[in-house]
1. Based on what the data block shows, is A:Ala161 at the interface with chain B (Cβ under 9 Å from one of its Cβ atoms), more than 17 Å from A:Ile265 (Cα to Cα) and either touching a residue at least 60 places away in the same chain (Cβ under 8 Å) or of a type in the set (Ser, Thr, Tyr) (or both)?
2. Need the failing condition index for A:Ser57 against (1) surrounded by 23 or more Cβ atoms within 10 Å (Cβ to Cβ); (2) in contact with a Leu (Cβ under 8 Å, 6 or more places away or on another chain), just the number.
3. Within segment B:47-76, how many residues are in a loop (DSSP other than H, G, I, E, B), among the small types (Gly, Ala, Ser) and either more than 10 Å from chain A (Cβ to nearest Cβ) or touching a residue at least 24 places away in the same chain (Cβ under 8 Å) (or both)?
4. If I go through segment B:92-115 residue by residue, how many of them are surrounded by fewer than 16 Cβ atoms within 10 Å (Cβ to Cβ), under 18 Å from B:Phe34 (Cα atoms) and not charged (D, E, K, R)?
5. Does segment A:165-174 hold any residues that are hydrophobic (A, V, I, L, M, F, W, C) and more than 16 Å from the chain's Cα centre (by Cα), and which are they?
6. Which ones in segment A:128-145 are facing chain B (nearest Cβ under 9 Å), out of contact with any Gly (no Cβ under 8 Å at 6 or more places or on another chain), touching a residue at least 40 places away in the same chain (Cβ under 8 Å) and crowded, with 19+ Cβ neighbours inside 10 Å?
7. I need the full set of residues from segment A:53-70 which are in a helix (DSSP H, G or I) and closer than 11 Å to A:Lys37 by Cα, in order please.
8. Being more than 7 Å from every other protein chain (Cβ to nearest Cβ) and at positive phi is the requirement here; does B:Gly40 meet it?
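Throughout, read-outs are computed from the coordinates displayed, never taken from laboratory work. Everything quoted here is computed from the prediction, not taken from an experiment. We place every Cβ from the backbone using ideal geometry, glycine too, and count neighbours over all the protein chains shown.
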Amino acid sequence: MSLKNLIKSDRFIVTAELGPPQSANSSVIERKAGYFKGLVHAVNITDNQTAIVRFSSIAAAKILIDSGLEPVIQMTCRDRNRIAIQSDLLGAFGLGIENVLCLTGDYTTSGTQPEARPVYDMDSIQLIASVSRMNRGVLLSGDPIKTPTGFCIGGAANPFAPPFEMRIIRLQKKIAAGAHFIQTQPVFDLEIFKKWMERVNGLGLSKKTAILAGVMPVKSVKALEYMKSQVPGMRIHPSFIKRMAESEDPKAEGVNIAVELIEQIREIPGIRGIHLMPLMWESITPEIIKKSGITIDE
Amino acid sequence: MDFITKQKKELSRFERFISSIMLAAENVVKIPLFRCQRCGECILSHTAFICSQRCPKRLRNGPCGGTRENGNCEVYPDRKCVWYRIYKRAGFLRRLNFLYRIEKIHNWNLEKTSAWFNVFTKRIEPPKLFMKKPDEFKESDKI
């Protein structure tokens, strides 16, 4: 079942993230795709995340389609102006890619080429609105598209960064602009996340869009501490850092934490699915999915 | 939903002259008061009179996901996030309804032109004193 139909149904959705390599080797993507096969509904491919050059998201998505997986491409506003974005989207849909996640994008200085010129011709909300417009068969210029796109549009939400109330306003704007599903930042603080979901449910937003909670398995306490100090907009509950630091086998503990988080997130009302983000640790996906007992059978 | 502006017409020589005078006057007022970035498509009245274009990503619709725990910017850790300040001040000035508006994609042809002149020639919308919450957000507001 395609992601679009899954969102219309009431099934629990599982998506995962795949980071393309910093090389021209397509077999790496095929190998990583193998970890997800039969375990997740769709695979999300990052678009030069943290502003570091990587294998193109759209090209990697085509490889995933060929190996029988459903891809979700990420489209950031950092590297493309409106002309390139529309052209890439037309090309992507022509290749059979039906899902797009619209992001503003990490700033260029967070990567390895801080000298690069940031574009930011539009922002994520305007990008979602642009894709909706293309789905209706009109380009931003007003010219009609003979064969319009039919993207399932995604957006991101960060419940963990201030100003918290403005995050809700932005979520509402994204839904009004036409987002079909919303992915959240990785959850490492259930208290804040539950409060955010209460607010989202209270406004009736979880009925208008499918909310997928981000879950990130971590390998070591170092990775957690790095995220807490170096990745802006992340909130990590100290109990997780303590658990990882005291554990004798941090990798197994990382898996346990991820599985526990999935269990607890599933119980929160209004959650439609999870989005696994095993950053550079795709091989752990089968174990986590198996342990948390999620099945994606038709 | 209308989120694109279109350049309407070429300016005559006289209009360009008026525009340059208005731009000079505007810079004198707006740069010291609001640290105006001269985008030519002013939305100061929507953003609680803090110039949103000071954001490194030049976002017009609210903060990106990178605001730090203390409300500082992702790109410049020693500065407050512009949108954090806008939200705080919009609450103080009771102008939160403005933040629900989906702002148009910036027309880069208007960059470094006079926003006052652009309002005068109807190339951009005039500043607003009040705004109701847009219709699509009303239903959810009741609950």
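1. yes
2. In the conditions (1) surrounded by 23 or more Cβ atoms within 10 Å (Cβ to Cβ); (2) in contact with a Leu (Cβ under 8 Å, 6 or more places away or on another chain), A:Ser57 misses (2) alone.
3. Total meeting the criteria: 2.
4. Going through segment B:92-115 one residue at a time, the tally reaches 2.
5. Selection gives A:Met166, A:Ile168, A:Ile169.
6. Initial filter on segment A:128-145 (facing chain B (nearest Cβ under 9 Å)): A:129-130, A:132-133, A:140-142.
Applying the additional criterion that residues be out of contact with any Gly (no Cβ under 8 Å at 6 or more places or on another chain) yields A:130, A:133, A:140-142.
Applying the additional criterion that residues be touching a residue at least 40 places away in the same chain (Cβ under 8 Å) yields A:130, A:140.
Of everything in segment A:128-145, just one residue is facing chain B (nearest Cβ under 9 Å), out of contact with any Gly (no Cβ under 8 Å at 6 or more places or on another chain), touching a residue at least 40 places away in the same chain (Cβ under 8 Å) and crowded, with 19+ Cβ neighbours inside 10 Å, namely A:Ser130.
7. A:Leu64
8. So B:Gly40 passes the test.
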